[in-house]
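Chemist: Starting off with a structure, shown below.
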Amino acid sequence: MPLPYVLLSAAVSLDGYLDDTGPDRLLLSSPADFDRVDEVRASVDAILVGAGTIRADNPRLLVNSAERRAARGAAGRPEYPLKVTVTGSGDLDPDANFWHTGGEKLVYTTDEGAARASRLLGRTADVVPLGPALDWRALLEHLHDVRGVGRLMVEGGGTVHTQLLQQGLADELQLVLAPLFVGEPAAPRLFGPGGYQDGRLRLLDTRRIEDVVLMRYAPTAPGTGPLPTAADRHWLHTACELAAQCPPSGTAFSVGAVVVAADGTELARGHSREGADPVVHAEEAALAKIAATDPRLPGATVYSSLEPCARRASRPAPCAELILRAGVRRVVTAWREPDTFVTAADGTGVLTAAGVQVVVLPELEALAKAPNAHLPG
């Protein structure tokens with residue numbers, strides 16, 4: 001199911017602490033950075049914070065600029081983004097600023113917490129139970145499918161940031177580093193202990209803002225099972241963009257492919273009819289650039305804009321077989337092969353029968369089909 005683009009936003013000190021330090025709160029961001037945050041808030045559909053952050057900081061989470069609110073209205077959007085919080089217990093203070101400023105409010109909670117939250121808040125907010133336990137993927141699907149949220153800003157706290165990043169659901173981390181040492185052992189840290197993605201995050205951008213530095217990162221490591229991660233969506237989007245580079249053909253699909261190691265390292269990429277070969281397929285072109293003995297292949301993921309082929313006339317081995325020979329155990333694709341050139345093609349069936357995990361992201365199907373719009377069927 002499609003999910004919103006999830007942006008984690010936080011400011012930290014040089015020794016890694018968040019700016020929530022109790023009643024004598026130390027503000028780490030500069031005035032110019034607060035204005036940047038206001039700009040980001042104005043660009044999103046919803047802002048989310050954990051219930052602990054509401055209790056500790058009593059935030060309003062507003063778009064403060066009248067010009068930015070007016071621009072939202074002119075674009076047919078609400079003056080303020082939807083405000084969202086998450087609580088397992090439903091223990092919420094009905095007098096908090098969160099409920100009495102801005103636009104619509106939404107609470108996600110457990111079945112047990114829903115009764116308590118509804119009793120405390122009344123008509124102040126919509127309360128959505130997610131079942132016996134909090135489920136982040138279900139929460140994000142509901143935000144996207146029911147509330148129409150395409151872009152979500154998450155402003156904390158540390159537990160929320162930790163869970164979203166550990167579960168591979170964060171598309172971007174915007175981190176502001178302040179030139180201060182907190183040194184308080186009880187001060188909260190941005191992230192908690194536990195398992196995070198392998199490898200390094202991808203640095204998207206850095207910017208100096210007065211005396212602080214904004215760093216934007218994105219996760220790169222592929223998922224490991226049937227549920228797609230934010231990194232999976234990124235790499236498959238890249239494969240779909242590669243498909244647009246294919247020389248046009250009336251007798252073959254335009255396809256892009258990327259092979260990514262478990263730690264997020266891109267091993268190779270390719271596209272149909274690449275170079276001087278008029279019949280090479282995308283997965284074939286990419287895998288040919290990697291040594292067959294590369295120890296990273298068994299843990300890698302192949303991203304292909306179109307389901308790998310199971311039969312072909314132009315080569316002895318179809319792409320599904322090449323993937324199996326390479327030892328790759330996971331494939332992510334956007335589009336199942338239609339009957340345009342091969343009837344009842346089923347590369348997915350070939351791969352899954354051999355134990356390969358195949359994940360399909362239908363939300364990228366239109367992008368994968370775009371370079372093939374001239375073909376029949």
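The values are calculated or read from the model by the stated rules, or taken from the named source; none is laboratory data. Keep in mind the model is a prediction, meaning the values are calculated, not measured. Cβ placement follows ideal geometry from the backbone for every residue including glycine, while neighbour counts extend to all protein chains displayed. Areas reflect the complete protein model, heavy atoms only, side chains present, ligands, DNA and RNA absent. Shrake-Rupley method; radii C 1.70, N 1.55, O 1.52, S 1.80 Å.
Chemist: Does any residue of the stretch 289-299 turn out to be touching a strand residue (DSSP E or B) at 6+ places or on another chain (Cβ under 6 Å) and open to solvent by 60 Å² or more (accessible area, probe 1.4 Å)?
Modeler: yes
Chemist: Can you tell me which residue is most open to solvent (accessible area, probe 1.4 Å) among those in the stretch 175-221 that are part of a loop (DSSP other than H, G, I, E, B) and of a type in the set (A, V, I, L, M)?
Modeler: A186
Chemist: A further question follows. Filter the stretch 239-254 for residues that are out of contact with any Lys or Arg (no Cβ under 8 Å at 6 or more places or on another chain) and open to solvent by 10 Å² or more (accessible area, probe 1.4 Å) and give the result.
Modeler: Across the stretch 239-254, the qualifying residues are E241, A244, Q245, P248, G250, T251, F253.
Chemist: Being open to solvent by less than 10 Å² (accessible area, probe 1.4 Å) and either closer than 17 Å to N64 by Cβ or modelled with pLDDT of 95 or more (or both) narrows it down to one of A46, A42, so name that one.
Modeler: Result of the check over A46, A42: A46.
Chemist: Does the stretch 222-238 hold any residues that are open to solvent by 10 Å² or more (accessible area, probe 1.4 Å), in contact with a Leu (Cβ under 8 Å, 6 or more places away or on another chain) and of a type outside the set (K, R), and which are they?
Modeler: P228, T229, H237
Chemist: Identify all residues within the stretch 250-266 that are touching an Asp or Glu at 6+ places or on another chain (Cβ under 7 Å) and closer than 18 Å to A288 by Cα; write none if there are none.
Modeler: G256, A257, V258, V260
Chemist: Same structure again: Just need a number here: residues in the stretch 350-359 that are within 23 Å of H237 (Cα to Cα) and open to solvent by less than 60 Å² (accessible area, probe 1.4 Å).
Modeler: 4
Chemist: Given the residues G275, G256, G223, G264, which is the only one that is on the phi > 0 side of the Ramachandran plot and under 26 Å from the mean Cα position of the chain (by Cα)?
Modeler: G264
Chemist: In addition: Scan the stretch 305-336 for residues that are in a loop (DSSP other than H, G, I, E, B) and open to solvent by 30 Å² or more (accessible area, probe 1.4 Å) and jot them down.
Modeler: Across the stretch 305-336, the qualifying residues are R311, R312, A313, S314, R315, P316, R329, R336.
Chemist: For a quick check of your reading of the model, give me the residue pairs whose first member lies in the stretch 255-267 and is touching a residue at least 60 places away in the same chain (Cβ under 8 Å), whose second is acidic (D, E) and in a strand (DSSP E or B), with beta-carbon atoms closer than 8 Å and at least 6 apart or on different chains.
Modeler: Correct list of pairs: V259/E266.
Chemist: Also, I was wondering about something else. Over 22 Å from the mean Cα position of the chain (by Cα), surrounded by 15 or more Cβ atoms within 10 Å (Cβ to Cβ) and at positive phi: is that true of G131 in this structure?
Modeler: No: the conditions fail for G131.
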